[in-house]
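Novice: Below: one structure in structure tokens.
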Amino acid sequence: MANHQIRKQPRGAENKNAGQNRSAACGIPGECPREIPGWLVAVDNVPTLVLFVLGFLIMGRWSALLALAFLVYCSSAIVLFWALICTSCHHYDSGACPCGYGRMAPKLFKARRDADFRKVFKRNIAIMFPCWLAPTLVGIYLLRYHYTGALLALFLGFCLVGYILIPAIAKLVGCKGCAIKDRCPWMS
Ligand code: SF4
């Protein structure tokens, strides 16, 4: 879920030879036509999927309904992320997005090129927090009052994926080759 937008684009800059225009519009040579290979998109997405499954299993130890609600929330949060954040991102409608959302967002939502991406990102990134925090808090509660070795393994797996693997992949793989990561709200 890494990303970046540093400059407002002149009105009407879209839809004319997109790669060329975006590169011209954002002033970063060679950035826009960057195409992330499929394996890297998978590396970026599979841990998030694993996180949601582990979170579902942890929540399910308390209530099946809560676990289902968690999965519905996480799926909706991803779509909301496309709508609220990706639509303002420079990687919108391009193959340069490390997790492929830049290709998914245009299928459902129009671009918002006049928005300041840093502000948009900081204002909306909290929609993803419950996907991490809910299983963490429920997990801590269940470990305190209903401890089992299997629950501990689930909880440690969730924390490893959510708080170590996903940030590490974003920083060391997905965003590594990004030309303006030093100005990105996720990376800086
Ligand atoms: S398109 Fe979305 S997921 Fe991809 S870099 Fe931009 S904000 Fe991040």
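The values are calculated or read from the model by the stated rules, or taken from the named source; none is laboratory data. What you see is a predicted model, and the numbers here were worked out from it, not measured in a lab. Methodologically, a virtual Cβ is constructed for each residue, glycine included, from the backbone with ideal geometry; neighbour enumeration extends over all protein chains shown. Note: areas computed on protein heavy atoms with side chains; ligands, DNA, RNA excluded. Shrake-Rupley method; radii C 1.70, N 1.55, O 1.52, S 1.80 Å.
For (1) under 20 Å from residue 45 (Cα atoms); (2) open to solvent by 60 Å² or more (accessible area, probe 1.4 Å); (3) not in a helix (DSSP H, G or I), each residue gets a yes or a no:
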position	(1), (2), (3)
131	yes, no, no
141	no, yes, no
157	yes, no, no
163	yes, yes, no
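Novice: Restricting attention to region 96-123, which residues are of a type outside the set (Asp, Glu) and more than 10 Å from the ligand (Cβ to nearest atom)?
Specialist: Quick first cut of region 96-123, residues of a type outside the set (Asp, Glu) only: 96-113, 115, 117-123.
Residues satisfying the conditions are 107, 108, 109, 110, 111, 112, 113, 115, 118, 119, 122, 123.
Novice: Filter region 83-93 down to residues that are more than 6 Å from the ligand (Cβ to nearest atom) and under 22 Å from residue 172 (Cβ atoms), then give me how many there are. Explain how you work it out, then say what you get.
Specialist: The first filter runs over region 83-93 and keeps only residues more than 6 Å from the ligand (Cβ to nearest atom), leaving 83-84, 87-88, 90, 93.
The next check asks that each one be under 22 Å from residue 172 (Cβ atoms); those that pass are 90.
Number of matching residues: 1.
Novice: Being open to solvent by 80 Å² or more (accessible area, probe 1.4 Å) and either basic (Lys, Arg) or closer than 16 Å to residue 154 by Cβ (or both) is the filter here, so list the residues in region 34-52 that pass it.
Specialist: The answer is 49, and nothing else.
Novice: Only one residue in 97, 74 is at pLDDT below 95, closer than 22 Å to residue 161 by Cα, under 16 Å from the mean Cα position of the chain (by Cα) and open to solvent by less than 40 Å² (accessible area, probe 1.4 Å). Which one?
Specialist: Values: 74 fails: at pLDDT below 95.
One residue alone meets the criteria, 97.
Novice: Whether any residue in region 62-74 is polar (S, T, N, Q) and either within 20 Å of residue 44 (Cβ to Cβ) or in contact with a helix residue (DSSP H, G or I) (Cβ under 7 Å, 6 or more places away or on another chain) (or both) is what I want to check. Before you say what the answer is, go through the steps one by one.
Specialist: Initial filter on region 62-74 (polar (S, T, N, Q)): 63.
Applying the additional criterion that residues be either within 20 Å of residue 44 (Cβ to Cβ) or in contact with a helix residue (DSSP H, G or I) (Cβ under 7 Å, 6 or more places away or on another chain) (or both) yields none.
No; the residues of region 62-74 include none that is polar (S, T, N, Q) and either within 20 Å of residue 44 (Cβ to Cβ) or in contact with a helix residue (DSSP H, G or I) (Cβ under 7 Å, 6 or more places away or on another chain) (or both).
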